[in-house]
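Worksheet: the structure to be examined is printed underneath.
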Amino acid sequence: RPFQPTMGANLRSLLFEPADAITRLAIKDGVTDVLVKHEPRIENINVIVETTQNESEYVIVVVFSIKENDSVQDVEINLRRLR
């Protein structure tokens, strides 16, 4: 994001919110919005957000298809609070 401070999903601030359904929805919506606006090479975006058992970490799975060759890809991202 160099030189683009407004681009992003605001994940850093959401990590310290309560680990509930509202926060998971905000993370999902933020990631989806960034991908739709700034990544024109993909489509059919599905974002799945889950918390771990101790609710200190989020597991985000992004499933998408690449327009060029219609292959389906998925990326798993782990977000963890550091104290």
Kindly report the accessible area of the chain per residue (heavy atoms of protein chains, probe 1.4 Å, no ligands, DNA or RNA), in Å².
75
Using each residue's phi in segment 31-39, evaluate 6.51 cos²θ - 1.76 cosθ + 1.60 at θ = phi - 60° and report the 3J(HN,Hα) Karplus result to the nearest Hz, with x for Gly and Pro.
5, 4, 4, 4, 5, 5, 6, 10, 10
List the residues, sorted by chain then number, that are 5 or more residues from Glu57 or on another chain and whose placed amide H is less than 5 Å from its amide H.
Thr52
Computed label-point distance, nm, for sites Glu55 and Lys67 using a 7 Å Cα→Cβ extension
4.1
For volume of the Cα convex hull per residue in Å³, which listed value, (1) 137; (2) 104; (3) 89, comes from the coordinates shown?
(2)
If you take every residue apart from Val36 with its C-beta less than 15 Å away from the C-beta of Val36, what net charge results, scoring Lys and Arg +1 and Asp and Glu -1?
0
When the accessible area of the chain is computed with all protein chains present and a 1.4 Å probe, what percentage of it is carbon and sulfur?
51
Full-extension gain between Thr6 and Leu25, please, as 0.36 nm times their residue separation minus the C-alpha to C-alpha distance.
4.8 nm
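State, as an integer percentage, the relative contact order of the chain based on alpha-carbon contacts under 8 Å between residues 6 or more apart. Working shown, then result.
Details: 114 pairs, mean separation 18.5, N = 83.
Value for the chain: 22 percent.
The values are calculated or read from the model by the stated rules, or taken from the named source; none is laboratory data. Just so it is clear, the structure is predicted and the values come from calculations on it, not from any experiment. Don't worry about glycine lacking a Cβ; one is built from the backbone with ideal geometry, like all the others, and counts go over all protein chains shown. To get the accessible areas, we keep the full protein, side chains included, count just its heavy atoms, and leave off ligands, DNA and RNA. Shrake-Rupley method; radii C 1.70, N 1.55, O 1.52, S 1.80 Å.
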